[in-house]
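Before I ask anything, let me first share the structure, which is written out below as structure tokens.
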Amino acid sequence: MLLKTPQAREPLQASFSDAANPIGLDGIEFIEYATAEPQALGQVLEMMGFRPVARHRSREVLLYRQGDLNVVVNANPDDAPSANHGHRWPRISAIALRVRDARAAFDFVVERGAWGVPTHPQVMELNIPAIHGAGGSRIYFVDRYRDFSIYDVDFVPIPSVDQHPPSVAGIDFFGVVQYIGPERSNDWIEFYGELFGAELIPDEERFGIMPKGTLLRAPALSPEKRFMLQLVEPDLHVHDADECLQRIGLGVPDVHAAVHALRQLGVEFVETEAAHTEQRGAISKTYLGSVVFELVHREAKPVAAAGKPSC
């Protein structure tokens, strides 16, 4: 069950945002991996152009960054085993969404049936509200992402390291691919539509070289921060499949240039008859049993209007 029954929901309050973007969504703040082998995952991330920039003050958590992309590697002993469901390989355990007001966004989605996650911040840690997502993952709501961010409170910068390393070949977040159970597309479409205002993409509009599944586009306060959600059901003969956030989609203006640059860093890409590099996209080989990155061609993003912050 994705959402609470109407009888178990909080009384509805007046919406604090517009119908098209009910929680004031403004893009992805970070993607979190849980892993028992953080060094191995860190090596993969560095091949993809990410650089370690900060350590958590009290947990075994490391922040990697390139451009406007943040990836959190969580190796905290209390977090990684449960997030990985007993497996050794890394797993996408959380996605953090930028919103206008984190507490208001959390209250809004809980009122509409989302399952809240109890949080237990330690001393000097922020209390970041979250709900349950696919396969035991969490969806966080973050409203500190401009001049003063969550990392200024919870993380300590690594000395002598550039805190804002440039992105490789213009890489940014394009979206997230989620594997779902058989005949569960409608449930997840309702989940993302009801809570976040995500809209279905017509079947004739496809992106990348892995177009299987159902596509949704999330709204954003800034048009250039909109991102995609791709829901992929298992093949017909599969009756029991784990639901999970399976891989990150990375948008690039020139796929061939990005592939060339990443190959120089050591990344290997799948080159088969069924899936191979072309201008629409490319997909990396699978690292550490589960870590895959998909490149997707995207047009140049619109420039933010003068006088408005670009985050």
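Hey, among the residues in the stretch 186-218 that are hydrophobic (A, V, I, L, M, F, W, C) and part of a strand (DSSP E or B), which one's farthest from V232 (Cα to Cα)? Let's see the steps before the verdict.
Of all residues in the stretch 186-218, those hydrophobic (A, V, I, L, M, F, W, C) come to 188-189, 191, 195-196, 198, 200-201, 207, 209-210, 215-216, 218.
Of the ones still in play, those that are also part of a strand (DSSP E or B) are 200, 215-216.
Numbers: L200: 14, L215: 9, L216: 12 Å.
Among those that are hydrophobic (A, V, I, L, M, F, W, C) and part of a strand (DSSP E or B), it is L200.
Keeping to the stretch 266-294, report how many residues are surrounded by 15 or more Cβ atoms within 10 Å (Cβ to Cβ), farther than 30 Å from A36 by Cβ and aliphatic (A, V, I, L, M).
Residues meeting the conditions: 0.
State all residues of the stretch 200-229 that are touching a helix residue (DSSP H, G or I) at 6+ places or on another chain (Cβ under 7 Å) and either among the acidic types (D, E) or free of Cβ contacts under 8 Å to residues at least 60 places away in the same chain (or both); if no residue qualifies, say none.
Within the stretch 200-229, the first condition is being touching a helix residue (DSSP H, G or I) at 6+ places or on another chain (Cβ under 7 Å), and the residues that meet it are 200, 214, 216, 218, 229.
Within the stretch 200-229, L200, T214, L216, L229 qualify.
Can you confirm whether the stretch 162-171 contains a residue that is hydroxyl-bearing (S, T, Y) and touching a helix residue (DSSP H, G or I) at 6+ places or on another chain (Cβ under 9 Å)?
Of the stretch 162-171, the ones hydroxyl-bearing (S, T, Y) are 167.
Add one more test, that the residue is touching a helix residue (DSSP H, G or I) at 6+ places or on another chain (Cβ under 9 Å), and what stays is none.
Within the stretch 162-171 (the criterion being hydroxyl-bearing (S, T, Y) and touching a helix residue (DSSP H, G or I) at 6+ places or on another chain (Cβ under 9 Å)), the answer is no, since none of the residues qualifies.
The rows are residues; the columns are (1) more than 24 Å from E199 (Cα to Cα); (2) at pLDDT below 95; (3) outside the structural domain of I248 (by TED's automatic domain parsing).
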{"site": "Q7", "(1), (2), (3)": "yes, yes, yes"}
{"site": "P11", "(1), (2), (3)": "yes, yes, yes"}
{"site": "E29", "(1), (2), (3)": "no, no, yes"}
{"site": "Q39", "(1), (2), (3)": "yes, no, yes"}
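OK, next. Out of the residues in the stretch 55-69 that are over 24 Å from A169 (Cβ atoms) and not charged (D, E, K, R), which is modelled with the lowest pLDDT? Step through it out loud before you land on a result.
Taking the stretch 55-69 as the starting set, the residues that turn out to be over 24 Å from A169 (Cβ atoms) are 55-61.
From what is left, the residues that are not charged (D, E, K, R) are 56, 58, 61.
Numbers: H56: 93, S58: 87, V61: 95.
Top of the filtered list is S58.
Any residue at all in the stretch 76-99 that's in a loop (DSSP other than H, G, I, E, B), closer than 19 Å to F196 by Cβ and at pLDDT 90 or above?
So in the stretch 76-99, the residues in a loop (DSSP other than H, G, I, E, B) come out as 76-79, 84-90.
Next cut, closer than 19 Å to F196 by Cβ only: none.
Scanning the stretch 76-99, I find no residue that is in a loop (DSSP other than H, G, I, E, B), closer than 19 Å to F196 by Cβ and at pLDDT 90 or above, so the answer is no.
So which residues in the stretch 154-201 are exposed (fewer than 14 other Cβ atoms within 10 Å of the Cβ) and β-branched (V, I, T)?
If the condition is that a residue be exposed (fewer than 14 other Cβ atoms within 10 Å of the Cβ) and β-branched (V, I, T), then V156, V161 are the ones that fit.
Also: Restricting to the stretch 164-185, name every residue that is in a loop (DSSP other than H, G, I, E, B), within 20 Å of G133 (Cβ to Cβ) and of a type in the set (V, I, T). Don't jump to the end; show me each part of the working.
Pass one, the stretch 164-185, residues in a loop (DSSP other than H, G, I, E, B): 164-167, 171, 180-184.
When the remaining residues are screened for being within 20 Å of G133 (Cβ to Cβ), the result is 180-184.
Of everything in the stretch 164-185, just one residue is in a loop (DSSP other than H, G, I, E, B), within 20 Å of G133 (Cβ to Cβ) and of a type in the set (V, I, T), namely I180.
The values are calculated or read from the model by the stated rules, or taken from the named source; none is laboratory data. This one's a predicted model, so the numbers in the text were calculated from it and none came from an experiment. We place every Cβ from the backbone using ideal geometry, glycine too, and count neighbours over all the protein chains shown.
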